[in-house]
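The next block holds one structure in the form of structure tokens; read it before the comments.
The values are calculated or read from the model by the stated rules, or taken from the named source; none is laboratory data. Since the structure is predicted, the reported quantities are computational estimates derived from the model, not experimental observations. Cβ placement follows ideal geometry from the backbone for every residue including glycine, while neighbour counts extend to all protein chains displayed.
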Amino acid sequence: MGACLPPGSWLGTSMIVTFALLSAPLYAQDELVILSPHWEGIRQEFERAFTAKHKADTGRDVDIRWLDVGGTSDILRFIRSEFSNKSDGIGVDIFFGGGTDPYVELKKHGFLQSCDVNPRILNRIAPSIGGVPLYDTDGTWYAATMAGFGIIYNKLVLKKLGLAAPQTWADLADPESMTWVGTADPRKSGSVHMTYEIILQAYGWEKGWRVITAIGANARGFSAGSSQVPIDVATGEVAYGLAIDFYAWAQVRQAGPDIIGYVMPRDLTVVNGDGMAMLRGAPNPAIAQRFIEFVLSEEGQLLWILKKGENDGPVDFELGRFTVMPDLYARLGDRTSVRVNPFEWKSGFVYDPERASARWSLVNDLFGAIIIDPHRFLVAARRAALRAADPAQSQDQIFALPITEQEALQLATDSAWDDPGVRNRHIQSWSANARQAYGENPREGLLRNLPAAAALVLLIGMVIYMRRRSPGRS
Amino acid sequence: MGTNMRALDLSPGRLAMILCLLVFFGVFLIYPLIYMTANAFIVNGKFTTEFFRLMITDPTQWNTILNSVNLGLAVTLVTTIISLPMAAVMARHEFRGKALLNGLVLVPMVLPPFVGAVGMRQMFARFGSVNLWLLDLGLIDQPIDWLGGGMLGVVIMEVLHLYPIMFLNVTAALANVDPSLEEAARGVGAGRVSLFRRITFPLMLPGYFAGAVIVFIWAFTDLGTPLVFEYRQVVPVQIFDMLSDVHENPMGYALVVLMLVMTLVFFGLARNFMSGHAMMSRGHVTGASSPLSRPATIATHVAFLGITILALIPHFSVILTSIADRWYMTPLPSLYTSKYYAMVFDHELTTTSIRNSLGLSAISTALDVVIGIWIAYLLTRTRIPGRQVLDSLAMLPLAVPGIIIAFGYVGTFSGTFLDARNNPVPLLIIAYAVRRLPYMVRAAYAGFQQTSVSLEEAAQNVGASPARSIRRITIPLIFANLVAGGILCFSFAMLEVSDSLILAFEQRYYPITKAIYNLMTRPDGPFIASAMGVIGMALLMAGLLIAGRVLGRRMGELFRA
Amino acid sequence: MTSITIDSVLKSFGDVRAVNKVSVSIEAGELFFLLGPSGCGKTTLLRLLAGFYTPESGRILFDDSDVSNTPPHKRNTGMVFQNYALWPHMTVSQNLAFGLEMHKIPGDQRDERVRRALESVRLDMLAERYPNQLSGGQQQRVALARALVLEPGVVLLDEPLSNLDARLRLDMRHEIKRIHTETGITMVYVTHDQDEALSMADRIAVMRDGVIEQIGSPHELYDAPANRFVAQFMGETNLIEGKVVSGDDPIVVETDLGMFNVASRKTTAEIGDSVYCSIRPEKIACIENTTAAQNTVAGKIEEVFFLGDHEQYRVVSASGEVLRVSNRDSRGRVKGTDILLGFGPDDAVVLHGN
């Protein structure tokens, strides 16, 4: 039969062997699967340190598998979607990063598995910041670090545009800043969502949405990841944007403080826990527990905050993140470039994570329906309103909100928002409302269909023409 | 062996090959398409067209579709405007430096638009190099909005990448128009205009159509470029976004079906007309071409060089970005460095991804070579039934965009041992292989056709089995074709965007493109990403040069419907 | 040495029966020719012997073993292809060694046999050349050597000389004939060139439309063709339509040119049959007077072709029939001359009309 083997089978055979070798999992005694929106530097530092620690403690090799399905919102949708398919575990041990609110939400759905952290370690962690807990008393989630929310800006661009450095969120809503604001899509980026939620809670629902809508109208676009915003600010594509503290500080280090500035609006923002949790049905619960304890221990906490190359610090990447261990701030001195102690930070309000997590998805949908999807109309409407005789009154129409805070909370807490039908109906009606409020020009809509229609006619013409000419028919 | 088998030209070996191929195509091409179609129409066990209705009734959805169509149309239109005159001059005239210009046209292809976009954003930002330069010169007092908030940048980027493909197709179409037909028409007194209208245009139209279809499909389905430009209201990006709740929201499947139907229809039309066209005018390719006058030659050179320089701006900006140490708010970098290249080679993410891409591409290329040889063998050397089907299956990936294949794999193989979330290596290899298989089949097919069957028969006659005679005689003889096809497969696999972004979930399996996409989120991301892009560019350029040298003018035939 | 038996072999392509139930026996050591116009099925028959086709029905035996379904590489035949099919990426000696390698002949023996084979075709000094560095005749001899080096039971030659120029073709005929004599291998040789067949063959099978019209030695075919087709195909001939009026020996045939006496040989013509008289041009003599022993025809020379060693005339008879006549003796006749032609009863053959 050998003679009958198809040609190329030698190559095929050798390929299958290589294939098998390549696709076989790397050899390791233990495994840990982590789902995380954290960037490469964080992953690499924690992987290196934890692997070494695990080896030292247990003598076993651990292989950490980092899954990437996108930003925090993508991860949430992914977890939900996967659990709907495999309810007793989705093959992931830990969800790492993404703020506080997602954990509150995931806990509510029962997707988290509580794990008890050694009290010796937990005692050194602050239980809360600005009134917001840093870990769940049931042990389902723990803040691994913290994030502050603020505005990054390009000093040179602002100078060229004749604009002042921003102080508050409302500065981004100023008509002068039109097209010069960078922001991400809150439906994709957890941190940008968080920023908008902070604005809502800082200013209150009505005024908050007014500011958000105006920021949206000023926005250049809505990128998928919040990390794009600092880059756009640095290249001069936009003048300022919403950014988490560490992205902004990293950009300041990269581009220089003479070009890039960062401000956390006084009294109007918070520093918030950035959590981690074991997922229900985690395949490696014991190792997951060890990882969580490691991150919360001083060894893990030093990785966040120390400069690159310091003893016990990160080796390849400076992470520049807050630690949740308050006593470290005073002790580190020059060994860290984190100059702010968030525990001394005062907010003008107390952030409510329960409310925030309940309406997480609703706020995103509303933002999408009235700001992102009809963005062109929103911008045009705002331009028109500013030119109008009474700008303030004209703008009121634009900023009219289709839903009150009570209604929103009602919808969100009744879990009506989990019903795709209800959700889609609301989104559609908001969207239609918004388009009407922004004075969408139906003629313009038709115009946009024109190229496609013309092309279709041309295509059909070409097809008929060629058909008539093709041989055997003429 | 029964008489039936003999009549069908089947031997056990061939039967095994056909079965392997059918299983391969069935599992990795047809089944995912069926799976997605079924999921788009059957939700919770009930048939529904709800999601297709939504596409039209929901203004946001409709707008997305419209954006994609308009994007595809704009790219097709602009590439046509650029390529048509260029091709006309090339196909009909002789002049000094023609070969050089012919080669120059292909240069823009070496940069994946996805990477080019990184550099473009650096240069064409509102306070990027170009505007700062113009502002410094006092030519403008307000920054020009080059990227126009999305679509424009994507169109420019894709046009600059795709016009060579259009050029190759139009040149081939014109070369296929037998000049003697034109001369004959002139002989009977046809004027220039009526000559074009009656002879040249109808004869080249199918060839042009094929090129236009490829360009349209490419632009319509490209994921990487809109993603980097953050122009998210297009169908491929929407599909990409639907990935995370693939189990809960069938809208992704519905969009895939819409895209698939469109590409299949266009592709089918193009194939249909190309086959008729081949009968009309194949054969006479060489013909009288008239020399150009000196001024016309200079004008041609200026035009070609101008377009090439324009097309190379993204390349230039990527190279510049990759060596910029500080490049903020200055027309050119204020400090230069090679550290980003060093980082490429000592960071875990980048080194792993380069290793992964090399491995994945090499294996997928090997797979392509084997399958390509099998298919070309079956098509040229046997009279087995269903060869047409095999041919169509092998060419189908040209019409099935990478994003559809990748999206289909995620859904179809979820929960099986091939699940990309556990280990994307097998599916990545297969996705790369499937995507580029048509190029390999065409290259191998051309080789088999050029090689006389009697050489194999002579080998069998002296005692070599059919498989051995292919291996020892035909394969060495068509090696150049296989190398050329292989290089194309390999280079494209190295820079495959949608499959890589969608299928590789885990950092240790990231291919180069996914690493680049990931790196962009770092503050120094654009610089490292550009350095990787330059390396990729060098690689693809070398690949295309070698392939072009080996294949010569047949190169153009690989890039058409 | 292998004998070949082809037993009512059928092979069709679509609706066309390329080889239609052909039966032939080829003896061991024979140089056997398959002759016929293009499309007659001769090459198909050869490829059936080589194993590139398998018969739909019927059998092919090499000696006593049925090889009908044996694949080509197990048949032990050596084939010379029309286009030589030399592997361009291998040198001459590699071309020869390939088959030996396939048969797992050890290296030292391999070299020796390659050398011997190249010597036998007088190409030993070109062993390290590549095929494209050789002339047509040299390539031809390499192809031959490649077919012979395995010492196969049967050598199959498919129009081997058709790509050579006229001079070389003559040389190669001798070469092949010499090799056949020296090796004594059974050879089956396909050609459409009757000169080649006549000059070289032990026996010839003339084929038309997938069937064999006649098998015989060159002499038999030339002098006693079985039918009009064979007569016409085997060199030039004059065919004169007529009717048998007397069945005795000699047969008397009535034609427009007059009554001809023809030796009966084995013809089965009966009185009243429509027949043709076939007379080769060189069998017709230019004579001075009519004699009783000969059939005579009077005519006028319409055209003269000078062919070096002889002249050929186009003669038109009084009744308007055209005859071709070869004349080697008294030359110098000119166009327009009246002429008297004669041929004996043994010079003509009676053929059936169909």
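Being within 14 Å of another protein chain (Cβ to nearest Cβ), hydroxyl-bearing (Ser, Thr, Tyr) and buried (at least 22 other Cβ atoms within 10 Å of the Cβ) narrows it down to one residue among B:Tyr409, B:Tyr439, B:Tyr432; which is it?
B:Tyr432
Can you give me the number of residues within the range B:204-217 that are facing chain A (nearest Cβ under 9 Å) and over 26 Å from B:Ile404 (Cβ atoms)?
Residues in the range B:204-217 being facing chain A (nearest Cβ under 9 Å) and over 26 Å from B:Ile404 (Cβ atoms): 1 in total.
Any residue at all in the range A:325-332 that is at pLDDT below 90 and either closer than 26 Å to A:Ile75 by Cβ or of a type outside the set (A, V, I, L, M, F, W, C) (or both)?
Our first condition is that a residue be at pLDDT below 90; within the range A:325-332, this holds for A:330-332.
Right, trim to either closer than 26 Å to A:Ile75 by Cβ or of a type outside the set (A, V, I, L, M, F, W, C) (or both) and you get A:331.
Yes, that holds for at least one residue.
Of all residues in the range B:1-40 being more than 30 Å from the chain's Cα centre (by Cα) and among the hydrophobic types (A, V, I, L, M, F, W, C), which is modelled with the lowest pLDDT?
Once the filter is applied, the top-ranked residue is B:Met1.
Given the options B:Leu349, B:Leu378, B:Leu390, name the one that is closer than 30 Å to C:Gly14 by Cβ, among the hydrophobic types (A, V, I, L, M, F, W, C) and within 13 Å of chain A (Cβ to nearest Cβ).
One residue alone meets the criteria, B:Leu378.
Please verify whether the range A:174-186 includes one or more residues that are aromatic (Phe, Trp, Tyr), in a loop (DSSP other than H, G, I, E, B), within 14 Å of another protein chain (Cβ to nearest Cβ) and in contact (Cβ under 8 Å) with a residue 24 or more places away in the chain.
Step one: list which residues in the range A:174-186 are aromatic (Phe, Trp, Tyr), which gives A:180.
Subset that is in a loop (DSSP other than H, G, I, E, B): A:180.
Of the ones still in play, those that are also within 14 Å of another protein chain (Cβ to nearest Cβ) are A:180.
Imposing the further condition that a residue be in contact (Cβ under 8 Å) with a residue 24 or more places away in the chain reduces the set to A:180.
Yes, the range A:174-186 contains a residue that is aromatic (Phe, Trp, Tyr), in a loop (DSSP other than H, G, I, E, B), within 14 Å of another protein chain (Cβ to nearest Cβ) and in contact (Cβ under 8 Å) with a residue 24 or more places away in the chain.
Going through the range B:323-346 one residue at a time, which ones are without any contact (Cβ under 8 Å) to a residue 60 or more places away in the chain, assigned to a loop (DSSP other than H, G, I, E, B) and within 11 Å of chain A (Cβ to nearest Cβ)?
Of everything in the range B:323-346, those that are without any contact (Cβ under 8 Å) to a residue 60 or more places away in the chain, assigned to a loop (DSSP other than H, G, I, E, B) and within 11 Å of chain A (Cβ to nearest Cβ) turn out to be B:Tyr328, B:Ser334.
In the range C:55-74, which residues are within 8 Å of chain B (Cβ to nearest Cβ) and without any contact (Cβ under 8 Å) to a residue 40 or more places away in the chain? Even if it seems obvious, please write down each step before you answer.
Narrowing the range C:55-74 to residues within 8 Å of chain B (Cβ to nearest Cβ): C:56, C:69, C:71-74.
Within the range C:55-74, C:Asn69, C:Pro71, C:Pro72, C:His73, C:Lys74 meet the criteria.
Being assigned to a strand (DSSP E or B) and more than 8 Å from chain B (Cβ to nearest Cβ): is that true of C:Ser23 here?
The answer is yes for C:Ser23.
Say whether the condition of being away from chain A (no Cβ under 14 Å), out of contact with any Ser or Thr (no Cβ under 7 Å at 6 or more places or on another chain) and assigned to a helix (DSSP H, G or I) is met by at least one residue in the range B:113-122.
yes
Taking the criterion of being within 11 Å of chain A (Cβ to nearest Cβ) and closer than 30 Å to B:Pro476 by Cβ, would at least one residue in the range B:413-429 satisfy it?
Checking the range B:413-429: at least one residue is within 11 Å of chain A (Cβ to nearest Cβ) and closer than 30 Å to B:Pro476 by Cβ.
Six or more apart or on different chains, Cβ atoms under 6 Å: show the pairs whose first residue is in the range B:72-99 and farther than 20 Å from B:Val155 by Cα and whose second is part of a helix (DSSP H, G or I) and aliphatic (A, V, I, L, M).
Between residues of the range B:72-99 that are farther than 20 Å from B:Val155 by Cα and residues that are part of a helix (DSSP H, G or I) and aliphatic (A, V, I, L, M), the close pairs are B:Ala87/B:Val170; B:Ala87/B:Leu174; B:Ala91/B:Leu174; B:Ala91/B:Ala175.
Select from the range B:460-473 the residues that are at the interface with chain C (Cβ under 7 Å from one of its Cβ atoms) and among the small types (Gly, Ala, Ser) and write down the one among them that is farthest from C:Ala147 (Cα to Cα).
B:Ser465
Could you identify the single residue in C:Val80, C:Val92 that is in contact with an Asp or Glu (Cβ under 9 Å, 6 or more places away or on another chain), away from chain B (no Cβ under 11 Å) and surrounded by 22 or more Cβ atoms within 10 Å (Cβ to Cβ)?
So the residue among C:Val80, C:Val92 that is in contact with an Asp or Glu (Cβ under 9 Å, 6 or more places away or on another chain), away from chain B (no Cβ under 11 Å) and surrounded by 22 or more Cβ atoms within 10 Å (Cβ to Cβ) is C:Val92.
Within the range C:248-354, which strands (runs of 3 or more DSSP E) (wholly inside it) include 2 or more residues that are among the hydroxyl-bearing types (Ser, Thr, Tyr), touching a strand residue (DSSP E or B) at 6+ places or on another chain (Cβ under 6 Å) and closer than 21 Å to C:Glu236 by Cα? Walk me through it before giving the result.
On the way: elements: C:251-255, C:258-262, C:274-279, C:285-287, C:295-306, C:311-317, C:322-327, C:338-343, C:348-352.
Per the criteria, C:274-279, C:311-317.
Only one of B:Phe304, B:Phe417 is of a type in the set (A, V, I, L, M, F, W, C), in contact with a helix residue (DSSP H, G or I) (Cβ under 7 Å, 6 or more places away or on another chain) and farther than 29 Å from B:Arg14 by Cβ; which?
B:Phe304
In the range B:216-235, which residues are part of a helix (DSSP H, G or I) and touching a Phe, Trp or Tyr at 6+ places or on another chain (Cβ under 8 Å)?
B:Phe216, B:Ile217, B:Gly224, B:Thr225, B:Leu227, B:Val228, B:Val235
Check the range A:365-384 and report whether any residue there is touching a residue at least 24 places away in the same chain (Cβ under 8 Å) and surrounded by fewer than 16 Cβ atoms within 10 Å (Cβ to Cβ). Can you show your working first?
Taking the range A:365-384 as the starting set, the residues that turn out to be touching a residue at least 24 places away in the same chain (Cβ under 8 Å) are A:365-375, A:377-384.
Now narrow it down to the ones that are surrounded by fewer than 16 Cβ atoms within 10 Å (Cβ to Cβ): A:383-384.
Looking for residues that are touching a residue at least 24 places away in the same chain (Cβ under 8 Å) and surrounded by fewer than 16 Cβ atoms within 10 Å (Cβ to Cβ), one finds at least one in the range A:365-384, hence yes.
Given the residues A:Val238, A:Val271, which is the only one that is touching an Asp or Glu at 6+ places or on another chain (Cβ under 9 Å), in contact (Cβ under 8 Å) with a residue 24 or more places away in the chain, within 14 Å of another protein chain (Cβ to nearest Cβ) and among the β-branched types (Val, Ile, Thr)?
Exactly one of A:Val238, A:Val271 is touching an Asp or Glu at 6+ places or on another chain (Cβ under 9 Å), in contact (Cβ under 8 Å) with a residue 24 or more places away in the chain, within 14 Å of another protein chain (Cβ to nearest Cβ) and among the β-branched types (Val, Ile, Thr), namely A:Val238.
Return the residues of the range B:501-517 that are away from chain A (no Cβ under 11 Å) and either over 18 Å from A:Gly71 (Cβ atoms) or among the aromatic types (Phe, Trp, Tyr) (or both); say none if nothing qualifies.
Across the range B:501-517, the qualifying residues are B:Leu503, B:Pro511, B:Ile512, B:Thr513.
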